[in-house]
1. Only helices (runs of 4 or more DSSP H) wholly contained in the stretch 153-263 count here; list those with 1 or more residues that are closer than 30 Å to A297 by Cα and basic (K, R).
2. If you check I82 against the conditions, is it open to solvent by less than 40 Å² (accessible area, probe 1.4 Å) and part of a helix (DSSP H, G or I)?
3. Among the numbered conditions (1) open to solvent by 70 Å² or more (accessible area, probe 1.4 Å); (2) at pLDDT 90 or above, tell me where A51 comes up short.
4. Test L138 against the stated conditions and say whether it is touching a helix residue (DSSP H, G or I) at 6+ places or on another chain (Cβ under 6 Å) and within 30 Å of R298 (Cβ to Cβ).
5. Across the stretch 228-254, which residue is surrounded by the fewest Cβ atoms within 10 Å (Cβ to Cβ) among those that are more than 39 Å from the chain's Cα centre (by Cα) and either closer than 13 Å to L269 by Cα or in contact (Cβ under 8 Å) with a residue 60 or more places away in the chain (or both)?
6. Mind listing just one residue for me: the one in the stretch 314-331 that is at pLDDT 95 or above and either acidic (D, E) or within 16 Å of L87 (Cβ to Cβ) (or both) and, of those, least open to solvent (accessible area, probe 1.4 Å)?
Amino acid sequence: MKARTILAVAAILAVLALFPPAGARAEILEEIVAKVNNSVITRSQFEDRLALHRQQMSQQFTGEELDRHMEAGQEAILHNMIIESILVQRAEVLLDMGKVRKNLIEDFKKNQKIESDEELDRLLKEQDMTRGDLLETLVRMNIPQEIINYEVRRKISVSDKEIREYYESHRPEFTRAEKITLREIVILFEDATREEAKSRADAVRRELDAGADFETLVARESQAPSRERGGLVGPFGRGELRPELETVAFALEPGQVAGPVESSLALHLVKMESRDAEEVTPLEKAGEGISEQLREARFREKIDAYLKKLWNDNFIYVYPKFGTSDWLPSGASESVLGG
């Protein structure tokens, strides 16, 4: 089998593993977990989804902790499956599902570089699958989100006034603070050697004033780890340096030298290497991101109410041993939202 064909089979298997189709066990009489209008969720479908969830959770948790997370999430997973079923049924009312299914198959073939229907059917047959199995899975993976986009997301709008008001009230988010990069010479001392260190630092400053190369003196005099980098430190914003150093350093222009400045058991001579001035992103550039942020916040507010209404408007029955038929707002929309 050619490498591309093997990859296509692997892709089909991966897709079907995510949401095992109901038809795969249609010939077996199964226990029903929940009824959603005229559809059912079987125990095997529910267990398949739980197994997938366990596989995902096992990447973060093990042992009893994994079991606790599985138990806590079991009912939410079932409710996600119910919402998924309702949304697929909603699609049957709102969309031309014949055209939708055709497009899903064509997109799948294109993405997997499958060149013909005959090749697709052959690959599916080799895996004991049907086109119906694949279609059902593709619908479940794609259509719930499409319906949510159609009925909720596309109806959300954000005005220019709202964007402008957000921008004005969140100015710090769009301001890049001033930053400076320095070179330093650090001379350490103890109480007993303070005067000696001060004399040494003053001598270094006189050399600098006479035109000596700062990096040469770093290599000769500095006792800080930055010595290995030619004394280079930073960049620093305001509030990131010792107060006694910050006042002096931020007053410098590139190339200027200050010090010695005394801090706790050290004397510092600093040279301004570079300064990046404060920069404010203008509203014209920030507007698109603000609009998206406001849309997403509004969507999160509306989606729970939308799904709750769908839940109440449809016939849903969960057999008591598996959970409740009541609406569970907490986490109920995670899977259909891609969470």
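The values are calculated or read from the model by the stated rules, or taken from the named source; none is laboratory data. Fair warning: this is a prediction, and the values are worked out from it, not measured in the lab. Every residue, glycine as well, gets a Cβ built from its backbone with ideal geometry; the counts of neighbours run over all protein chains shown. For accessibility, only protein heavy atoms count, side chains too; no ligands or nucleic acids. Shrake-Rupley method; radii C 1.70, N 1.55, O 1.52, S 1.80 Å.
1. Of the helices (runs of 4 or more DSSP H) lying wholly inside the stretch 153-263, those with at least 1 residues that are closer than 30 Å to A297 by Cα and basic (K, R) span 160-169.
2. Working: open to solvent by less than 40 Å² (accessible area, probe 1.4 Å): yes; part of a helix (DSSP H, G or I): yes.
Against the criterion (open to solvent by less than 40 Å² (accessible area, probe 1.4 Å) and part of a helix (DSSP H, G or I)), I82 qualifies.
3. (1)
4. yes
5. E244
6. I316
Results for (1) open to solvent by 40 Å² or more (accessible area, probe 1.4 Å); (2) of a type outside the set (G, A, S); (3) under 30 Å from A266 (Cβ atoms), shown as yes or no for each residue.
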| position | (1), (2), (3) |
| --- | --- |
| N149 | yes, yes, no |
| V152 | no, yes, no |
| S159 | yes, no, no |
| E165 | yes, yes, no |
| S169 | yes, no, no |
| E190 | yes, yes, yes |
| R194 | yes, yes, yes |
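Yes/no per residue for (1) at positive phi; (2) within 29 Å of the chain's Cα centre (by Cα); (3) not hydroxyl-bearing (S, T, Y):
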residue: E84; (1), (2), (3): no, yes, yes
residue: A91; (1), (2), (3): no, yes, yes
residue: D128; (1), (2), (3): yes, no, yes
residue: S159; (1), (2), (3): no, yes, no
residue: R164; (1), (2), (3): no, yes, yes
